[in-house]
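**Q** Supplied in structure tokens, the structure appears directly below.
The values are calculated or read from the model by the stated rules, or taken from the named source; none is laboratory data. The structure displayed is predicted, hence computed values, not measured ones. Methodologically, a virtual Cβ is constructed for each residue, glycine included, from the backbone with ideal geometry; neighbour enumeration extends over all protein chains shown.
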């Protein structure tokens, strides 16, 4: 075992200078075995999880490719052209993209949500375009409804994560979200059909939803206040 | 006593912080992390899934650690945290600050890498004794042989046992005596003339000593290992002081003092698993002249016998608890308390100690799994207040000494280990 001639302490085989006084340690040349380092350079990653994710992506990919080829060949054999198969083929490709983002490319939930939303929007636009190669209903029906759903769902999720005490208040947030979507759908559909912004059926949805949601919030925060007052004001 | 009788108990959703917890949570920052670490190096590579399973099983036995620190208007409080503590990867820079008041954060971390498992505890939740019992229980659960029961009775906590009420006890308040006087204020100590290391949080040096080498020496001197190593520690600081040229030394010469934690459970009957340790401060005053090693050893030996007893320690309990019970401080909002205490800590506690020496003692494991563990190591990170720490743990036939410093130079360790080598005690640095 090598030792420091100044301090008299023994040191590890791979040490070049004494950790106490920096005196060079005389010894035969030893290659540093990185396997023996005390700490990792990077956090330990569970490699098994990575392998499993890749396997899941591969199985989904092969299954979708099989369905893709069956549909494509059936359409080609019967019509000698790609006609009705455009819709299921676009759907299968979209499903494959939606599976690829979380399984292979990123674990960041925000990025996954962003990729998924963009893919779905492109898919809907594509479906609108491929029947007669013009944009018909995408801009005034599909796009506003999709944006409404995304924004409201995002807000409900964010609010549910942010609140410190979770309970029936989450149910209230979901109810409020559902109510907003109902009102939005009503407005978008009526505007698309008659070019007027009017509320019809959504009024019967939003009133009971609002009242129930307020009642749930009252129950949640009233009970929480009774429970918290003692620890919050402890002297 | 009515105001201090609110003891925490099982099945409580929240409970008050004990005296040490109050102090540690208020002063805790990125520079004073208040975290300590006990690590076990096993002979075989850790299976993370099995270790996680062992942690899931054992955490039920320690409900008092299953908490999250929450801020109140006047004080913090521990809130029961039913989340699942997760094993995290170890790092080259251990004992980093814990975001204690963040939702769902436990006041401890279990870290693993290759064949080592490390427990990092915030000092507000427990001391070395509690942390060691937790790590022993975790290792016993992880390493328990399949289908074989260790028939020998041991003190290892096991899943399924019901925690005793006494384990929740706030022992400081239990043994607080109003009539006892507070200890005297301490003089400032000699400041080491070294620059601080800025490239990393702290530097660590580990030395290993064979018990067969140190035991004959301490037997001959008739002192304990802690007393002997405390004397060597003080001697190292004195050597550094007297290595400073005469004219410059005049500016530096001041008392040399170290902090040695005392496990109060050995003095007061308490089974608490929360914090119950205080410090004694052996010191020498080089203004009276240079001490020989035997002078320092004598000083430490007699100091320990005088100070480490119920009467003297009760003065420290009085000082600490009295401040917490002061009506004006109690009605001060938490954010103001934090501010006041941080300023007070910087003014009052900077340069009152040269270092900390903490000996967790010889660690025993059940015979069935003893051979699976290579060693245990204990680590105390230094802070802006105490710039060098020496943490000692014994396992099987060896003693593991971990120095952690924020000084750039390893001068204290150098003097310390050289002194041991000179006394015939072989040291291996890893």
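**Q** Among the residues of the stretch B:37-50 satisfying the criterion of being surrounded by 19 or more Cβ atoms within 10 Å (Cβ to Cβ) and touching a helix residue (DSSP H, G or I) at 6+ places or on another chain (Cβ under 7 Å), which is farthest from residue B:204 (Cα to Cα)?
**A** B:40
**Q** Among the residues of the stretch B:238-280, what is the count of those that are in contact (Cβ under 8 Å) with a residue 60 or more places away in the chain and under 22 Å from residue B:65 (Cβ atoms)?
**A** 13
**Q** Further question: Inside the stretch B:217-237, can you point out the residues that are part of a helix (DSSP H, G or I) and either under 15 Å from residue B:359 (Cβ atoms) or in contact with a strand residue (DSSP E or B) (Cβ under 6 Å, 6 or more places away or on another chain) (or both)?
**A** The answer is B:218, B:225, B:226, B:227, B:228, B:229, B:230, B:231, B:232, B:233, B:234, B:237.
**Q** Return only the number of the condition from (1) at pLDDT below 60; (2) closer than 29 Å to residue B:422 by Cα that residue A:8 does not satisfy.
**A** (1)
**Q** Can you name the number of the only condition in (1) modelled with pLDDT of 85 or more; (2) over 30 Å from residue A:116 (Cβ atoms); (3) in a loop (DSSP other than H, G, I, E, B); (4) away from chain B (no Cβ under 14 Å) that residue A:76 fails?
**A** (3)
**Q** So which residues in the stretch B:273-314 are out of contact with any strand residue (DSSP E or B) (no Cβ under 9 Å at 6 or more places or on another chain), within 30 Å of residue B:134 (Cα to Cα) and surrounded by 15 or more Cβ atoms within 10 Å (Cβ to Cβ)?
**A** The answer is B:273, B:274, B:275, B:314.
**Q** How many residues, within the stretch B:417-430, are in a helix (DSSP H, G or I) and more than 9 Å from chain A (Cβ to nearest Cβ)?
**A** Within the stretch B:417-430, the first condition is being in a helix (DSSP H, G or I), and the residues that meet it are B:417-422.
When the remaining residues are screened for being more than 9 Å from chain A (Cβ to nearest Cβ), the result is B:419.
Here the count works out to 1.
**Q** Among A:181, A:198, A:189, which is the only one that is closer than 23 Å to residue A:142 by Cα, in contact (Cβ under 8 Å) with a residue 40 or more places away in the chain and not assigned by TED's automatic domain parsing to the domain that holds residue A:109? First the steps, then the outcome.
**A** Working: A:181 fails: in contact (Cβ under 8 Å) with a residue 40 or more places away in the chain; A:198 fails: in contact (Cβ under 8 Å) with a residue 40 or more places away in the chain.
Only one candidate qualifies: A:189.
**Q** Okay, next question. With respect to residue B:383, is the statement that it is within 22 Å of the chain's Cα centre (by Cα), modelled with pLDDT under 90 and at negative phi true? Before the answer, list the steps.
**A** Details: within 22 Å of the chain's Cα centre (by Cα): yes; modelled with pLDDT under 90: yes; at negative phi: yes.
For residue B:383, the condition - within 22 Å of the chain's Cα centre (by Cα), modelled with pLDDT under 90 and at negative phi - is met.
**Q** Continuing with this model, one more query. Looking only at the stretch B:193-216, how many residues end up being closer than 24 Å to residue B:30 by Cβ and either away from chain A (no Cβ under 14 Å) or assigned to a loop (DSSP other than H, G, I, E, B) (or both)?
**A** Of the stretch B:193-216, the ones closer than 24 Å to residue B:30 by Cβ are B:194-205.
Now drop any that are not either away from chain A (no Cβ under 14 Å) or assigned to a loop (DSSP other than H, G, I, E, B) (or both), which leaves B:194-202.
Residues flagged as closer than 24 Å to residue B:30 by Cβ and either away from chain A (no Cβ under 14 Å) or assigned to a loop (DSSP other than H, G, I, E, B) (or both) within the stretch B:193-216 amount to 9.
**Q** Scan B:399, B:357 and give me the residue that is closer than 29 Å to residue B:144 by Cβ, outside any helix (DSSP H, G or I) and either in contact with a strand residue (DSSP E or B) (Cβ under 6 Å, 6 or more places away or on another chain) or within 14 Å of another protein chain (Cβ to nearest Cβ) (or both). If you could, list the steps in order and put the result at the bottom.
**A** Values: B:357 fails: closer than 29 Å to residue B:144 by Cβ.
After applying the criteria, what remains is B:399.
**Q** Please verify whether the stretch B:354-362 includes one or more residues that are modelled with pLDDT of 90 or more and surrounded by fewer than 21 Cβ atoms within 10 Å (Cβ to Cβ). Even if it seems obvious, please write down each step before you answer.
**A** Going through the stretch B:354-362, the residues modelled with pLDDT of 90 or more turn out to be B:354-362.
From what is left, the residues that are surrounded by fewer than 21 Cβ atoms within 10 Å (Cβ to Cβ) are B:361-362.
Yes, some residue in the stretch B:354-362 is modelled with pLDDT of 90 or more and surrounded by fewer than 21 Cβ atoms within 10 Å (Cβ to Cβ).
**Q** Would you mind stating whether residue A:56 is modelled with pLDDT under 90 and closer than 30 Å to residue A:195 by Cα?
**A** On the way: modelled with pLDDT under 90: yes; closer than 30 Å to residue A:195 by Cα: no.
When the stated conditions are applied, residue A:56 does not pass them.
**Q** I'm told residue B:389 meets every condition in (1) surrounded by fewer than 23 Cβ atoms within 10 Å (Cβ to Cβ); (2) without any contact (Cβ under 8 Å) to a residue 40 or more places away in the chain except one. Can you identify the failing condition by its number?
**A** (1)
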